[in-house]
1. Being hydroxyl-bearing (Ser, Thr, Tyr), farther than 30 Å from Asp307 by Cβ and buried (at least 24 other Cβ atoms within 10 Å of the Cβ), is that true of even one residue in the range 65-82?
2. Which one of the conditions (1) over 30 Å from Gly329 (Cα atoms); (2) touching a strand residue (DSSP E or B) at 6+ places or on another chain (Cβ under 7 Å) does Val114 fail to meet, given that it meets all the rest?
3. Residues being aliphatic (A, V, I, L, M) and open to solvent by 60 Å² or more (accessible area, probe 1.4 Å): count how many of those fall in the range 21-59.
4. Test Arg279 against the criterion of being touching a Ser or Thr at 6+ places or on another chain (Cβ under 6 Å) and either open to solvent by 10 Å² or more (accessible area, probe 1.4 Å) or part of a strand (DSSP E or B) (or both), and give yes or no.
5. State whether the residues of the range 253-273 include one that is open to solvent by 50 Å² or more (accessible area, probe 1.4 Å) and at pLDDT 95 or above.
6. Would you pick out the residues in the range 211-224 that are open to solvent by 10 Å² or more (accessible area, probe 1.4 Å) and either under 19 Å from Glu357 (Cα atoms) or free of Cβ contacts under 8 Å to residues at least 12 places away in the same chain (or both)?
7. I want to confirm something. Restricting to the range 182-233 and keeping residues that are of a type in the set (Gly, Ala, Ser), closer than 16 Å to Met39 by Cβ and not in a strand (DSSP E or B), which single residue is farthest from the chain's Cα centre (by Cα)?
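The values are calculated or read from the model by the stated rules, or taken from the named source; none is laboratory data. A quick note: this is a predicted structure, and the numbers were derived from the prediction, not measured. Backbone-built Cβ (ideal geometry, glycine too); neighbour counts: all protein chains shown. We work out accessible area using only protein heavy atoms, side chains counted, and drop any ligands, DNA or RNA first. Shrake-Rupley method; radii C 1.70, N 1.55, O 1.52, S 1.80 Å.
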Amino acid sequence: MKAFNKILSATAALFLISTSSAFSQTRMRDYVGAGPGVMKTGQYNAITDVKGVKVGHVTLIEGNNIRTGVTAIVPHSGNIFRNKVPAAVYVGNGFGKLAGTTQVMELGNIETPVILTNTLNVAEGIIGAVEWTLAQKGNENVHSVNAVVGETNDGGLNDIRARRVTKEDVIQAIENAKGGQVEEGCVGAGTGTVAFGLKGGIGTSSRVLPESMGGYTVGVIVQSNYGGVLEVDGVPVGQLIEHYSYRKNILQDVDGSCMIVVATDAPVDARNLERMAKRAIMGLAKTGGIASNGSGDYVIAMSVCPDNLIDESKESYNPTLLLNDDMSGLFMATIEATEEALWNSLFAATDMDGYEESVKAMDKKKVAEYIKKSRKAVGLGK
């Protein structure tokens, strides 16, 4: 690991923007004063409310052309390869490059951090995740690693053909991953993304089930880069601001993709994680997304319940699993956390000039007023 640390230290000096331990940002609840849905959030309203889950970013903004980066989601602090995470993948629309999919679907687990980046740097994502995994203590004899790497295309704001992301960036994002508050908006893999013709990015949210339902936490993180007709908390925002796909032959391009990562501490297996992943797509639909022909809309769902991690050094695997009848609360939590994470990606984003275009962020104050008026009209707000 000393060699890796030397590489990372040298590389970090070249970044105009990298990871930061201190940051300030605004989120949907900061503008609206209340959140969507009826379930409570965790302490940080983030995927990191799921105990053990960490998130790291590397943000690359260089000159006028580079607007990209990496986001790493680390399921737990142990050796992930030796203590694999039950997982599933669901494909809303398959126009994308999600590496490692078939093995996750076949075996029902994940053995590396989940990496998000841009379309043409998936290969570097794989190399970084593989090299990091091979370097972990206890993996000296590992000869096969299934890296899970997702992407969206940031080719408008970012010179994507430059393929700026390196394996060292990926390793740094993993090494810098931490719990607590998660930076959102124009950071990491969301640096150059666009959603609904507005500046998108990284967003996150969480929901906690009542104790009577187990008290489990569901957390979601998203990389938003998709289109449709924006709705926020039931309000037809896209129509109200007259900014939506196919309006008078403008904003025709609704393609781009959306990556959604769901984590929970509930004891569920791959089969029920796939069912949760399907509900995340319902959350995307509630934001006005249409899963267009050229949009890669993928959900990765995983359970980090400590007692159910898969230790393949043992002769048998005897997890404790929730019954199917106990899943509905987790489904609802997934939907609510997904939609708010996607809205947070828009509320946290800022205007950005880039390679081929300039993209404005959503007018948050105006949108907040629409939402407040709507809530007041139905008796939910002052």
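1. Yes, there is a match, as at least one residue in the range 65-82 is hydroxyl-bearing (Ser, Thr, Tyr), farther than 30 Å from Asp307 by Cβ and buried (at least 24 other Cβ atoms within 10 Å of the Cβ).
2. With (1) over 30 Å from Gly329 (Cα atoms); (2) touching a strand residue (DSSP E or B) at 6+ places or on another chain (Cβ under 7 Å) applied to Val114, the lone miss is (1).
3. 2
4. Values: touching a Ser or Thr at 6+ places or on another chain (Cβ under 6 Å): yes; either open to solvent by 10 Å² or more (accessible area, probe 1.4 Å) or part of a strand (DSSP E or B) (or both): yes.
Spelling it out, Arg279 is indeed touching a Ser or Thr at 6+ places or on another chain (Cβ under 6 Å) and either open to solvent by 10 Å² or more (accessible area, probe 1.4 Å) or part of a strand (DSSP E or B) (or both).
5. Among the residues of the range 253-273, at least one is open to solvent by 50 Å² or more (accessible area, probe 1.4 Å) and at pLDDT 95 or above, which makes the answer yes.
6. Glu211, Ser212, Gly215
7. Taking the candidates together, the pick is Ser212.
Every residue, every condition in (1) among the small types (Gly, Ala, Ser); (2) open to solvent by 10 Å² or more (accessible area, probe 1.4 Å), yes or no:
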| residue | (1), (2) |
| --- | --- |
| Ile335 | no, yes |
| Phe347 | no, no |
| Thr350 | no, yes |
| Ala361 | yes, yes |
| Lys365 | no, yes |
| Ile371 | no, no |
| Ala377 | yes, yes |
